[in-house]
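Below is one structure, written out as structure tokens; the observations come after it.
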Ligand SMILES: CC(C)(COP(=O)(O)OP(=O)(O)OC[C@H]1O[C@@H](n2cnc3c(N)ncnc32)[C@H](O)[C@@H]1OP(=O)(O)O)[C@@H](O)C(=O)NCCC(=O)NCCS
């Protein structure tokens, strides 16, 4: 892959962002990648309203990766209290995965949250059934804190669960 350009998302990127996130997380298209939520959840991962509220919030933002005019990756960054950053919605186009862009987006998100939010630690939440993804986050320096969060069953904005035992574990990394 040629080196993608990274920049903050703007409101006019929302349709492309929505399409990218859905293609990476859900449904048949996502199975072209090495990790997906397709076996765990149907329905949507996000929507235009959710993305608009992220982009209008000074405590959050989206970093995007572009190959020319094509959006190929994104990552949500957020301030979650004094010295604490959070990232989520990390997505790479399924056909372009496993070439280092995901790792690069995590590294740039960590640096951006340190610079912009004064983050000293970064937290993420991951569905515990996703063991290969958890192993990848461990290789990136994230460690399970032992905290668990409930899955928002009944809120269709987060998708339609295919099983009844979903939750999140919290992982954390201290930035150097
Ligand atoms: C998670 C995601 C962003 C990673 O992006 P990516 O561009 O593939 O990431 P990279 O190329 O930097 O890294 C891929 C890693 O997966 C590993 N990998 C590749 N195929 C694998 C497989 N079948 N099983 C396990 N690990 C695998 C690679 O060895 C590599 O690990 P390394 O960085 O330690 O060498 C991407 O898979 C994605 O968009 N997934 C769907 C959305 C999602 O699940 N997001 C995270 C939710 S919390």
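Being out of contact with any strand residue (DSSP E or B) (no Cβ under 9 Å at 6 or more places or on another chain) and away from the ligand (no atom under 12 Å from the Cβ) is the filter here; which residues of segment 104-114 pass it? Explain how you work it out, then say what you get.
Restricting attention to segment 104-114, the residues satisfying the condition of being out of contact with any strand residue (DSSP E or B) (no Cβ under 9 Å at 6 or more places or on another chain) are 107, 111.
111 - this is the single residue of segment 104-114 that is out of contact with any strand residue (DSSP E or B) (no Cβ under 9 Å at 6 or more places or on another chain) and away from the ligand (no atom under 12 Å from the Cβ).
Only residues that are within 22 Å of residue 107 (Cα to Cα) and crowded, with 20+ Cβ neighbours inside 10 Å: list them for segment 5-34, please.
9, 17, 20, 21, 24, 25, 33
Could you give every pair whose Cβ atoms fall below 6 Å, whose first residue belongs to segment 79-94 and is in contact (Cβ under 8 Å) with a residue 60 or more places away in the chain and under 19 Å from residue 27 (Cβ atoms), and whose second residue is within 15 Å of the ligand (Cβ to nearest atom) and assigned to a loop (DSSP other than H, G, I, E, B), counting only separations of at least 6 or pairs across chains?
94/32; 94/33
For segment 56-76, does any single residue satisfy the condition of being within 15 Å of residue 3 (Cβ to Cβ), more than 15 Å from the ligand (Cβ to nearest atom) and free of Cβ contacts under 8 Å to residues at least 24 places away in the same chain?
Yes, because at least one residue in segment 56-76 is within 15 Å of residue 3 (Cβ to Cβ), more than 15 Å from the ligand (Cβ to nearest atom) and free of Cβ contacts under 8 Å to residues at least 24 places away in the same chain.
If you take the residues of segment 132-167 that are surrounded by 15 or more Cβ atoms within 10 Å (Cβ to Cβ) and either more than 16 Å from the ligand (Cβ to nearest atom) or under 21 Å from residue 18 (Cα atoms) (or both), which of them is nearest to the chain's Cα centre (by Cα)?
158
All but one of (1) touching a strand residue (DSSP E or B) at 6+ places or on another chain (Cβ under 7 Å); (2) near the ligand (Cβ under 7 Å from one of its atoms) hold for residue 117, so report the exception by its number.
(2) is the only condition that residue 117 fails.
What are the residue pairs meeting all of these: first residue in segment 105-117, first residue farther than 14 Å from residue 62 by Cα and touching a residue at least 24 places away in the same chain (Cβ under 8 Å), second residue within 16 Å of the ligand (Cβ to nearest atom) and outside any helix (DSSP H, G or I), Cβ atoms under 8 Å, and 6 or more apart or on different chains?
114/85
Every residue in segment 77-93 that is over 14 Å from the mean Cα position of the chain (by Cα) and within 8 Å of the ligand (Cβ to nearest atom), please. Walk me through how you get there before you give the answer.
Looking only at segment 77-93, we keep the residues that are over 14 Å from the mean Cα position of the chain (by Cα), and these are 79-84.
Passing the criteria: none in range.
Working only within segment 120-131, note down all residues that are in contact (Cβ under 8 Å) with a residue 24 or more places away in the chain and either within 7 Å of the ligand (Cβ to nearest atom) or outside any strand (DSSP E or B) (or both). Quick ask: steps written out before the conclusion?
From segment 120-131, those in contact (Cβ under 8 Å) with a residue 24 or more places away in the chain are 120-130; that's our starting set.
Correct list: 120, 124, 126, 127, 128, 129, 130.
What pairs come out if I take residues in segment 39-55 that are at positive phi and pair them with residues that are loosely packed, with under 12 Cβ neighbours inside 10 Å whose C-beta lies under 7 Å away, six or more apart or interchain?
Close Cβ pairs satisfying both conditions: 43/156; 43/160.
Throughout, read-outs are computed from the coordinates displayed, never taken from laboratory work. All of these numbers come straight from a predicted model, not from anything done at the bench. Virtual Cβ from ideal backbone geometry, glycine too; neighbours counted across all protein chains shown.
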